[in-house]
1. If residue 110 meets every condition in (1) of a type outside the set (Lys, Arg); (2) in contact with a strand residue (DSSP E or B) (Cβ under 9 Å, 6 or more places away or on another chain); (3) farther than 28 Å from residue 183 by Cβ; (4) at pLDDT 95 or above apart from one, which number is that one?
2. State yes or no: is residue 182 open to solvent by 20 Å² or more (accessible area, probe 1.4 Å), without any contact (Cβ under 8 Å) to a residue 24 or more places away in the chain and under 19 Å from residue 126 (Cα atoms)?
3. Residue under question is residue 166, and the condition is that it be modelled with pLDDT of 95 or more and of a type in the set (Ser, Thr, Tyr); does it hold?
4. Out of the residues in region 113-135 meeting the condition of being free of Cβ contacts under 8 Å to residues at least 24 places away in the same chain and among the hydrophobic types (A, V, I, L, M, F, W, C), tell me which one is farthest from residue 178 (Cα to Cα).
5. Which residues, taken from region 187-229, are under 19 Å from residue 124 (Cα atoms), part of a loop (DSSP other than H, G, I, E, B) and open to solvent by 80 Å² or more (accessible area, probe 1.4 Å)?
Amino acid sequence: MSNHQQPTPPPPPPGGCLPQGQAYGSPPVQERQKKSWFARHKILTGILGVLVLFMVVGALGGGDVELPGAPQNPAASASSAEEGTGSSASSQGSTADESAAEEAPAEPQVGDVVTVGDFAVTVTGTEGGLAGIGDATFGEGAQGQFVKVWVTVENTGDSAEYFFDSDQSLVDDQDRQHSTSSSSWLLDEESLFLAEINPGNTIEGVLLYDIPADAVPTAVDLQAGWLSSSVRVSLEG
C-alpha cells in the first residue's frame with residue numbers, strides 16, 4: 001500500500017452544480033483561458049512584431065529597408081572593388097612608367113663622348129649614299145652604298161691599346177647590324193684598321209660600311225673588344 005495520499009478535491013459548490021465544461025476537481029475554466037494566444041506564443045509574437053515594424057518603416061520611408069545583418073548588394077560591392085583595384089593598378093602602372101622614363105638615360109648623340117673600355121670615343125659626323133671610294137687607279141664600287149662615320153678616339157688607360165674598327169657596328173632603320181668594309185684601306189682619310197693608340201693619345205679616323213642602297217643608318221654600336229659591353233650612339237636628330 002502506497003504512503004502517498006491523493007489530494008482531496010475541493011468540495012462541490014453549493015447546490016452540487018459545476019459550470020459547463022468543468023469537471024469536479026479541475027481549475028475553473030476562466031483560469032485556464034486567462035492567458036491569451038500572444039502570451040502563450042511569445043516567439044511568434046516577437047517575429048510578427050519585427051516584421052510589422054519593418055513594413056511600417058518601409059512604407060513611410062519609401063526606400064529599401066536593410067534587415068539587420070543582411071549583406072549589401074554583392075554585385076555593387078564587387079563592382080566597386082574591381083573599380084578601386086583597376087584604378088589603383090592603373091595609377092601604379094602610370095607611376096612605374098614615368099619612373100622608368102625618368103631613370104632611363106638618354107641615348108648618346110653625335111658629338112657626345114662615350115666610354116668603352118679604356119677609350120673615350122666621340123662620333124663627329126657621317127656621310128652616306130656613296131657609290132664608290134678611292135680614285136681611278138685604286139678605287140672600288142659599293143655593293144649597295146658606302147657610309148662613312150667619323151670618330152675621335154682617345155686612350156684613357158695607362159698602356160697602349162688597339163682600337164679595332166671591326167668591333168664597331170653600324171645599325172640601320174631595320175635594326176640590322178653591319179660590320180666595317182674591308183675596303184677601308186682605300187680611303188684618303190685615316191683608316192682605323194688595327195689602330196694602336198698610346199695612353200693619353202687621340203686619333204681621328206673613319207669607319208667605313210657597305211650597306212644596302214635603301215637602308216638608312218640610324219646608330220653605331222661602339223665597343224672596346226668583344227669582351228666589353230657596347231654603347232649605342234644615335235646618328236639621328
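The values are calculated or read from the model by the stated rules, or taken from the named source; none is laboratory data. Everything numeric in this text was worked out from a predicted model, so none of it was measured. Here the Cβ positions follow ideal geometry from the backbone for every residue, glycine too, while neighbour counts run over all protein chains shown. For accessibility, only protein heavy atoms count, side chains too; no ligands or nucleic acids. Shrake-Rupley method; radii C 1.70, N 1.55, O 1.52, S 1.80 Å.
1. Checking residue 110 against (1) of a type outside the set (Lys, Arg); (2) in contact with a strand residue (DSSP E or B) (Cβ under 9 Å, 6 or more places away or on another chain); (3) farther than 28 Å from residue 183 by Cβ; (4) at pLDDT 95 or above, the one that fails is (3).
2. yes
3. It is false that residue 166 is modelled with pLDDT of 95 or more and of a type in the set (Ser, Thr, Tyr).
4. My answer is 113.
5. Scanning region 187-229 gives 188, 190, 193.
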